[in-house]
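The values are calculated or read from the model by the stated rules, or taken from the named source; none is laboratory data. Quick caveat: nothing in here was measured; it's all calculated off a predicted structure. Glycine also receives a Cβ, built like all others from the backbone with ideal geometry; neighbour counts cover every protein chain displayed.
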Protein chains: 2
Amino acid sequence: MDKIAIIGLGLIGGSIGMALKGQKNPNLQVVGFDLENSVGNKAVKRGAVDKAVWQLPEAVEGAQIVIIATPVLAIRDMLQTIAGMVSRGCIVTDTGGTKRAVMDWAEEYLPEGVSFIGGNPMAGKDMAGIDKASPDLFRNARYALIPGKGAPEAAVQAIVTLVEGLKATPFFVDAYEHDSHVAAVSHLPILLAEALVSATSKSPAWREISRMAASGYESTSVLAGSDPLTNLDMCITNREAVVHWANEAIRELVRLRDLVNGAGNEAGAEALGTALAKSWEAREIWHTKYLSGDFSSDDAGPRTQMPSPGELLADFMVGARIRERYQQMFNISEKKEQERRQRRFRKT
Amino acid sequence: MDKIAIIGLGLIGGSIGMALKGQKNPNLQVVGFDLENSVGNKAVKRGAVDKAVWQLPEAVEGAQIVIIATPVLAIRDMLQTIAGMVSRGCIVTDTGGTKRAVMDWAEEYLPEGVSFIGGNPMAGKDMAGIDKASPDLFRNARYALIPGKGAPEAAVQAIVTLVEGLKATPFFVDAYEHDSHVAAVSHLPILLAEALVSATSKSPAWREISRMAASGYESTSVLAGSDPLTNLDMCITNREAVVHWANEAIRELVRLRDLVNGAGNEAGAEALGTALAKSWEAREIWHTKYLSGDFSSDDAGPRTQMPSPGELLADFMVGARIRERYQQMFNISEKKEQERRQRRFRKT
């Protein structure tokens with residue numbers, strides 16, 4: 001009987017458990033541990049674990065794989081605590097949103113003969129907790145893996161197999177690179193969502209304003225509704241990179257504000273329109289790649305599949321949409337240019 | 001036979017047409033007009049209009065209601081153009097995202113005997129165009145209405161009935177208030193999404209970074225993927241309010257950056273945690289109201305329905321979640337406080 005222990009049975013831990021149990025492997029036992037007993041009970045009810053235990057040693061002893069799915073700062077405590085409980089040959093992994101600190105802690109605390117493979121599933125939801133867990137949370141998601149120093153190939157392969165079992169796509173990345181990249185695409189979006197919510201909800205007119213907020217506000221603010229403790233831990237363990245990206249965003253926001261402010265004349269309107277079209281294009285290109293899962297020269301992971309004809313078609317259509325759009329903008333500019341010329345003629 | 005004309009058959013115009021046609025009223029004819037013939041043809045195919053015409057007079061002549069569903073700046077041209085075509089007694093409405101400029105244009109251009117009721121459906125999608133239109137786009141959405149000067153009660157009631165037929169909830173608002181409020185909850189989110197995309201995609205490492213972007217980046221940037229021309233028009237016609245809210249967001253972002261920067265010690269971490277928890281709470285409260293459609297003292301619209309027991313339960317549960325969360329944060333603070341005390345003891 002193989003044993004996998006999941007420590008922390010929230011959205012991520014619970015979803016991993018549900019995906020593992022969904023494999024219906026009669027030789028696999030999934031044991032869960034959560035600091036809150038009620039969460040453990042729910043995890044059993046939701047089919048995320050075969051059993052939930054209330055003592056940490058009972059969870060990790062004899063486990064081939066231990067998955068730590070707590071907020072980042074709690075991973076440190078957990079690594080310290082389980083160091084004396086795990087068997088030689090055990091593989092420990094985590095799901096923390098930052099990786100440099102975690103890799104350091106694992107190296108510091110875990111004994112020899114125990115491998116650590118850091119992990120970060122690139123998936124989430126606006127709401128935390130076992131109630132929101134789903135066996136499909138990781139389907140088609142990319143899943144970052146960072147083998148600890150001296151982790152044997154077999155241990156790495158075991159975690160790759162685990163991740164593929166969640167229907168996610170594993171890829172390897174350096175911890176420093178990971179943290180600096182997620183600061184841009186995971187942590188900066190959190191700050192922007194927070195800034196939106198705090199700027200608007202602080203207004204004395206928020207009671208009236210809030211009634212006008214709809215789907216656009218909902219999606220832009222979605223990360224402000226994600227677990228604040230998880231977000232806090234990520235910011236704390238990635239301060240330098242988060243501050244860097246916050247500064248980049250502030251600079252862009254100032255630039256956009258100035259463009260809006262100057263859009264009262266034709267040249268200003270065109271400058272703002274060009275900026276909006278550029279972001280639109282960049283977002284469309286990214287989104288097409290994201291939806292198809294095809295980032296062409298993605299040589300960091302084991303994914304070597306060719307894009308399907310459908311995906312190529314999607315690429316083509318985005319290109320057409322972009323051209324059409326620019327054409328439309330160009331036509332407007334040209335019309336304005338003609339009008340400007342006519343006005344000039346009238347003046348002379 | 002009643003006739004409704006829809007000018008502009010994109011996402012909004014197309015969806016209105018599909019919802020109207022879905023009512024299967026044998027006495028109603030929906031006629032569409034779009035500058036692009038291909039869009040008109042698609043609208044017919046998608047069942048958004050009974051017929052698409054290529055001459056504007058053919059669309060609006062004899063129509064009881066004319067709906068202008070173009071980007072804001074095009075509404076001006078349309079009002080000017082149709083002024084000589086519409087019959088006495090006709091009611092004109094629009095779906096533009098800003099309302100002050102539109103109300104001024106309607107007053108300036110439309111002849112006596114023709115009523116104008118400005119409108120703004122609080123619904124949208126990340127992608128524009130007739131292909132994305134849906135008869136359910138407005139279901140449960142709030143729909144702002146602003147009667148023009150001297151619009152008779154019967155005309156207002158006709159548009160209220162139209163909006164209710166789209167399954168949306170009409171409410172009345174002043175044009176100035178409307179524009180200042182949507183600047184906060186519709187236009188500021190656009191700027192934040194644009195800032196996110198431009199800050200990240202400008203990075204020399206974007207090729208690598210972009211592969212790490214997932215659902216959080218997707219939702220925060222969703223508005224950067226919405227129609228840039230529509231967004232441009234909204235910014236141009238609402239500059240002052242958009243600049244005001246951009247400044248508020250910049251201030252919040254600077255504050256958050258400084259909090260992250262200072263989160264390297266316990267007091268700093270707690271300050272950041274408190275800020276994240278506050279935004280989380282504000283977002284949860286808003287989101288619960290938004291999902292239930294119950295903004296309690298919403299006395300501006302005709303919606304007087306009491307919240308259902310399910311909605312009240314949702315309110316209660318959010319409260320419980322917030323309390324639980326704060327409790328958890330408080331416990332952590334307390335634990336840290338104890339540790340700090342212990343450390344202090346050891347030192348003496």
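Residues that are of a type in the set (Val, Ile, Thr) and outside any loop (DSSP other than H, G, I, E, B) within region A:84-119 comprise A:Ile91, A:Val92, A:Thr93, A:Val102, A:Ile117, listed in sequence order.
Test B:Asp131 against the stated conditions and say whether it is modelled with pLDDT under 95 and acidic (Asp, Glu). Answer is yes for this residue.
Only one of the listed residues (B:Val53, B:Val39, B:Val60) is touching a residue at least 24 places away in the same chain (Cβ under 8 Å) and more than 23 Å from B:Gly165 (Cα to Cα). That residue is B:Val39. Look at region B:251-266: where a residue is more than 7 Å from every other protein chain (Cβ to nearest Cβ) and a partner is among the acidic types (Asp, Glu), sitting 6+ places away or on another chain with Cβ atoms under 9 Å, you get B:Glu266/B:Glu337. Kindly evaluate B:Ser198 against the criterion of being assigned to a helix (DSSP H, G or I), under 14 Å from the mean Cα position of the chain (by Cα) and within 7 Å of chain A (Cβ to nearest Cβ). No, not satisfied.
Scanning region B:128-170 for residues that are part of a strand (DSSP E or B) and closer than 24 Å to B:Val114 by Cβ turns up B:Tyr143, B:Ala144, B:Leu145, B:Ile146, B:Pro147, B:Pro170. Looking at (1) free of Cβ contacts under 8 Å to residues at least 12 places away in the same chain; (2) touching a helix residue (DSSP H, G or I) at 6+ places or on another chain (Cβ under 8 Å); (3) more than 8 Å from every other protein chain (Cβ to nearest Cβ), which is the only condition B:Tyr176 fails? For B:Tyr176, the exception is condition (1). Against the numbered list (1) surrounded by fewer than 20 Cβ atoms within 10 Å (Cβ to Cβ); (2) within 14 Å of chain A (Cβ to nearest Cβ), B:Phe171 comes up short only at (1). Taken over region B:107-121, the criterion of being in contact (Cβ under 8 Å) with a residue 40 or more places away in the chain and buried (at least 21 other Cβ atoms within 10 Å of the Cβ) is satisfied by B:Ser115, B:Ile117, B:Gly118, B:Gly119, B:Asn120, B:Pro121. If you filter region B:245-264 down to residues that are over 18 Å from A:Thr220 (Cβ atoms) and out of contact with any Leu (no Cβ under 8 Å at 6 or more places or on another chain), you find that the one that is surrounded by the fewest Cβ atoms within 10 Å (Cβ to Cβ) is B:Gly264. Taking the criterion of being surrounded by fewer than 20 Cβ atoms within 10 Å (Cβ to Cβ) and charged (D, E, K, R), the residues of region B:136-168 that qualify are B:Asp136, B:Arg139, B:Lys149, B:Glu153, B:Glu164, B:Lys167.
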